[in-house]
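Right, one structure below, let's go through it.
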Amino acid sequence: MTPPPAAPEKRKSVTGTRKLVAISFLLPALVLLGALVVYPIGYSVYRSLFDKSGAGFVGLDNYLTLFSDPTIFTAIKNNLIWVVVAPTVSTALGLIFAVLTERVRWGTAFKLIVFMPMAISMLASGIIFRLVYEQDPDRGVANAAWVTVHDTFAESSGFPRARPLPVHPLKPAGGGAYVTKEPVRAGTPVSLPLIGVPPAQMPKDAAVAKAPAPAADRITGTAWLDFTKGGGGKPNAIDSKESGLKGLEIEAVRDGQVVESTKAAADGTFSFSSKAEGAELRLPASNFREQYNGVNWLGPNVVTPAIIGSYVWMWAGFAMVLIAAGLASLPRELLEAARVDGANEWQVFRRITVPMLAPVLAVVTVTLMINVLKIFDLVFIIAPGDSLDDANVLALQLYQSSFGSDADLGLGSAIAVFLLLLVIPVMLFNIRRMRKEQGR
């Protein structure tokens, strides 16, 4: 008679412990998770349903305020700009850097330089770019470069803010120009004294002003800075320590028409031919317009793109490193086969490299999207007070609403919950993508 089959032996857990022991190990982590994550989220949802004092129930009124308050609505719009622009530009630059440095000998050094800003804190980066975006070209790097390029293609004014003395031989001609009070005559020298030119803005090769020699058949004169260092000197008279206004443009005008024009020499002297006889001498407004000082990077119109630029400077290196790692794992034989089949480098990049890097690009983009939804430090530090509302983002508005001078914890909690709702879809997309990758 066949003996009955033996009962199957019970398997022990992988750890060889009971469930109660496993739970006891997990309990501290679960308690911390509940205390630091679950409870704050639940309380924020609860507090967002009450008014400023926390005593009156207002329902969804705080959430309606998010879209009716102009300041908060600006923060929402700016957050949308951040989510679309910053991750896209950072990922695109990271992809370009990774591809271009793949085959060059100095690629590692270049990657190190691009990645280096990641080692700098947001606070330090904000301070750096607050200085970079200074309006004064002598202090701000961005405007120094911008003004240099502008002045290369557009001639700047030689003597901004220059003007005549209260008692002088000139009169305003409209639009910032000046003309002589009397028509000029050959043989009678013309004096064109001006003040208001800082010594630092005087031409470096300007010479000591001197009176012109009278000429019977020409109109002669001197244009000079009627200012003596240390005081002294006579107004409307050339003194020994006063300099000529080299390059000052002077026009001879008769009946509204320019009959002749010239520029003052290093010592300020100038001359016209006999065609200028009886004409008025005009100093056109182009001599006196303000010098170009660049872009107001931290003004209300461009402050958000400027701050996004500082974020891209920091995070393009992060994108480059991840994409370069993905690029190193691509099968080289596939790329070489495409080149053998006649594809050029752009076609290989667009049709093979980018599609095969799609999972890596998705990781980088989603990570940066979650990151920019919480952006706070750069905006708070870089944006000046008069542009802070124009650069406002939700994380900054959360801080101001919750801890500002007129704190409203109900509204602040509503902003926090709204930020959480914005992050959840991105997180779910990321989790779904990761599971899909694991299932392959």
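Please tell me which of these pairs span more than 26 angstrom C-alpha to C-alpha: Lys171/Lys275; Lys52/Lys374; Lys241/Lys263; Lys171/Lys204; Lys210/Lys263? Write down the numbers at each step before the final one.
Details: Lys171/Lys275 22 Å; Lys52/Lys374 24 Å; Lys241/Lys263 21 Å; Lys171/Lys204 28 Å; Lys210/Lys263 15 Å.
Pairs exceeding 26 Å: Lys171/Lys204.
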- Note on the structure: Here P(r) for the chain, Cα-Cα distances in 10 Å bins, as whole percents, is 4, 14, 16, 14, 13, 13, 12, 8, 3, 2, 1, 1, 0, 0, 0
- Query: Using θ = phi - 60° and the Karplus form 6.51 cos²θ - 1.76 cosθ + 1.60, what ³J(HN,Hα) does each residue of segment 358-364 get, whole Hz, x for Gly and Pro?
  - Reply: 3, x, 5, 4, 5, 4, 5
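Per 0.36 nm of contour for each residue apart, how much would the distance between Ala343 and Ala407 grow if the chain were fully extended, relative to their Cα-Cα spacing? Before the final figure, lay out each step's value.
Values: separation 64, 0.36 × 64 = 23.04 nm, distance 6.17 nm.
Taking 0.36 nm per residue and subtracting the Cα distance, the gain is 16.9 nm.
Rounded, prolate or oblate: pick one for segment 35-174, where a ≥ b ≥ c are the square roots of the eigenvalues of its C-alpha gyration tensor, a/c under 1.5 means rounded, and failing that, prolate if a/b is larger than b/c, else oblate. Each step should come with its number before you reach the end.
Working: a/c = 3.23, a/b = 1.37, b/c = 2.35.
Note, shape of segment 35-174 comes out oblate.
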- Could you give the dipole magnitude of the chain about its Cα centre, charging the beta-carbon of Lys and Arg +1 and that of Asp and Glu -1, in debye to the nearest 20? 1800
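Is the C-alpha gyration tensor of segment 227-271 telling us rounded, prolate or oblate? Criteria: a/c under 1.5 is rounded; beyond that, a/b larger than b/c is prolate, otherwise oblate.
Values: a/c = 3.97, a/b = 2.32, b/c = 1.71.
Taking the square roots of the gyration eigenvalues as a ≥ b ≥ c, segment 227-271 is prolate.
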- Item | Hz values of 3J(HN,Hα) by residue in segment 57-74 - Karplus curve (6.51, -1.76, 1.60), Gly and Pro given as x | 7, 10, x, 9, 4, 5, 6, 5, 5, 4, 9, 9, 6, x, 5, 5, 5, 4
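Based on the alpha-carbon gyration tensor of segment 362-440 and its eigenvalue square roots a ≥ b ≥ c, which shape applies: rounded if a/c is under 1.5, prolate if not and a/b is larger than b/c, or oblate? Write down the numbers at each step before the final one.
Working: a/c = 4.77, a/b = 2.00, b/c = 2.39.
It comes out oblate by the Cα gyration axes.
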- Message: Check which residues have an amide H placed less than 5 Å from Trp224's amide H, if you skip close sequence neighbours.
- Response: Leu192, Leu194, Leu245
- Just by accessible area at a 1.4 angstrom probe, what is the order of Met314, Met356 from largest to smallest? Met356, Met314
- Karplus ³J(HN,Hα) for segment 297-303 (6.51 cos²θ - 1.76 cosθ + 1.60, θ = phi - 60°; Hz, whole; x = Gly/Pro) runs 4, 9, x, x, 7, 10, 5
- Query: Going toward the positive end of the dipole of the chain, with +1 on Lys and Arg Cβ and -1 on Asp and Glu Cβ, which of Ala177, Leu378, Tyr43 do you reach last?
  - Reply: Tyr43
- Message: In segment 84-107, whose amide N lies under 13 Å from the spot 7 Å out along Cα-to-Cβ of Ala325? List them in ranges.
- Response: none
- So who's got an amide H within less than 5 Å of the one on Lys210, skipping anything under 5 residues away but keeping other chains? H placed 1.01 Å off N, in plane. Thr269
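The values are calculated or read from the model by the stated rules, or taken from the named source; none is laboratory data. Keep in mind the model is a prediction, meaning the values are calculated, not measured. Virtual Cβ from ideal backbone geometry, glycine too; neighbours counted across all protein chains shown. Heavy atoms of the whole protein, side chains included, go into the accessibility calculation; ligands, DNA and RNA do not. Shrake-Rupley method; radii C 1.70, N 1.55, O 1.52, S 1.80 Å.
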